[in-house]
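The values are calculated or read from the model by the stated rules, or taken from the named source; none is laboratory data. What you see is a predicted model, and the numbers here were worked out from it, not measured in a lab. Positions of Cβ are generated from backbone atoms using ideal geometry, with glycine treated the same way; all protein chains shown enter the neighbour counts. Remember, those area values only see protein heavy atoms, side chains included, never the ligands or the DNA or RNA. Shrake-Rupley method; radii C 1.70, N 1.55, O 1.52, S 1.80 Å.
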Amino acid sequence: MKKLLFFIVFLCCLLGQVHAQSLSSQEYVGIRKAIVQAVDSERLTDSLLQKLSPFSDNNPLLMGYVATLQALKSKHHWNPYLKLKYLQLATKKMNKAVAGAPMNLEIRFMRFSIQHYTPSFLGYSKQLAEDRQVLVKLYDTQNFGTADAIFIKSIARFMLESKRCTEAEKQLFKKFA
């Protein structure tokens, strides 16, 4: 618990001094790690959402992070109406992020992973095939943007475990996993 609290304080200080247009690769790494931890922490999700939201309007990647956090709010909330509301907000913001940077590996991966875990009967999983195809293309051309080696490996592993890839796609992702 002390580690998590320290990490939250560290991240809040980091984000308090960040200008959205000039994030360093190390700052992106910190945000990625925090979002992974936010999957299991409603408090961290709320804190990150509050810190990142003001910076996200002109930065598609930060917009994608905010959309992911909104989807996590949907996961953490107990009220079905609010779960759906947060998922709708996340979908709208994520689609805007994709439109702003259609070939960004992280944004496509975030949308793919959200839709992968969203029950298909809700109708919010329509871009899974499109995102998978773009991710395959980005891996094939090794166009990873700001993603570091650890994140690239993590995405490849996720794609393999998702069971949504063809055999040829699996072979490509295995090269990076």
Inset, instruction - Would you indicate which of (i) 17.5; (ii) 16.6; (iii) 18.5 is the value of Kirkwood radius over Cα pairs in Å derived from the coordinates of this structure? - result: (ii)
Inset, instruction - Tell me what the chain gives for mean residue ellipticity at 222 nm when only DSSP H runs of n ≥ 4 count, each as -39,500 (n - 2.57), the sum divided by the residue total, rounded to 500 deg cm²/dmol. - result: -22500 deg cm²/dmol
Inset, instruction - Enter the accessible area per residue of the stretch 47-100 (Å², integer; probe 1.4 Å; all protein chains in place). - result: 49
Legend entry - Phi to ³J(HN,Hα) by Karplus 6.51 cos²θ - 1.76 cosθ + 1.60 over the stretch 109-119, Hz, x for Gly, Pro: 5, 4, 5, 4, 5, 4, 5, 4, 8, 7, x
Inset, instruction - Just need the relative contact order of the chain here, percent rounded to a whole number, with Cα pairs under 8 Å and 6+ apart. - result: 15
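As a test of reading the structure, rank THR45, THR91, THR146 by solvent-accessible area (1.4 Å probe, protein chains only), most first.
Heavy-atom accessible area, descending, gives THR146, THR91, THR45.
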Inset, instruction - Once you have the Cα-Cα distance between MET103 and ALA177, take 0.36 nm times their residue separation minus that, and quote the gain in nm to one decimal. - result: 24.6 nm
Legend entry - Whole-Hz ³J(HN,Hα) from phi, Karplus 6.51 cos²θ - 1.76 cosθ + 1.60, for the stretch 82-97, glycine and proline x: 5, 4, 5, 4, 5, 5, 5, 4, 4, 4, 4, 5, 5, 5, 5, 5
Legend entry - Within-12-Å neighbourhood charge of PRO102 [Cβ basis; K, R +1; D, E -1]: +2
Legend entry - Radius 14 Å from Cβ of ARG111, net charge of other residues (Lys, Arg +1; Asp, Glu -1): +4
Legend entry - Pairwise centroid distance, computed over Cα atoms, of the stretch 20-55 with the stretch 66-85, Å: 16
Inset, instruction - Give a residue-ordered list of calculated ³J(HN,Hα) values for the stretch 168-176 (Karplus: 6.51 cos²θ - 1.76 cosθ + 1.60, θ = phi - 60°; whole Hz; x for Gly, Pro). - result: 4, 5, 4, 4, 5, 5, 4, 5, 10
Legend entry - Whether the stretch 52-98 is rounded, prolate or oblate, judged on the alpha carbon gyration tensor where a/c under 1.5 counts as rounded: prolate
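Protein chains only, probe 1.4 Å: how do SER120, SER41 rank by accessible area, largest first?
Heavy-atom accessible area, descending, gives SER120, SER41.
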